[in-house]
């Protein structure tokens, strides 16, 4: 997947000094133990930030997840892209961590861009219609929850690795989706 530079070259100060600040795009996806931020936990937070033709991809999982560390993943980001993030990811993060990302970042929920093009359904269904490939095509949110509990209850590190790979594909495919949709 080709990724062009989206972030400020040389950091914020260099961009301000040179006057050619480049918008920095971030892509975010979470995994959870269920749908309610009141009764369920965040299990994985994945973020990709694209800079200098190289993506920076990082994940937090389990006890690593807190508000400061999530903000650290989003360092230098101007705008966050999600799929259904305005109804799920961002409210879940706010409910579990008290971190309101909508107050700190511009946010584009690509699901609504898809709907305007009559691309309905979950992220995986939209990817199929647009020809965006995925290695773990048979995975879904229910299986992600099961992988988390296999890791927690059985110390199954292979389950954790598969869950992290699933989240990584979700995050990285947001970039491909944004480009296919032509969203700025």
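For this structure, a couple of remarks:
- Taking other Cβ atoms within 10 Å as a rough exposure proxy, 178, 56 sort from fewest to most as 56, 178.
- Taking other Cβ atoms within 10 Å as a rough exposure proxy, 79, 133 sort from fewest to most as 133, 79.
- Highest-fluctuation residue, 113, 66, 153 considered, GNM on the chain with Cα pairs under 10 Å: 153
- A full extension of the chain between residue 130 and residue 149 corresponds to an added length of 3.6 nm, given 0.36 nm per residue minus the alpha carbon distance.
- Sequence of 86, 36 once ranked by neighbouring C-beta atoms within 10 Å, starting from the fewest: 36, 86
- Degrees, to the nearest 10: 157-181 long Cα axis against longest axis of the chain: 40
- DSSP beta bridge pairing in the chain, given as percent antiparallel to the nearest 5: 70
- For the chain, averaging the sequence separation of C-alpha pairs within contact (under 8 Å, six or more residues apart) and dividing by the residue count gives a relative contact order of 22 percent.
- Relative to the longest principal axis of the Cα atoms of the chain, helix 141-154 runs at roughly 70 degrees.
- Each label point was placed 7 Å from the Cα along the Cα-to-Cβ direction; for residue 87 and residue 22 their separation is 3.5 nm.
No value in this document is a laboratory result; all are computed from the given coordinates. It should be emphasised that the depicted structure is a prediction, and the values quoted were computed from it without experimental measurement. Because the Cβ atoms are built from the backbone with ideal geometry, glycine has one as well, and the counts that use them run over all protein chains shown.
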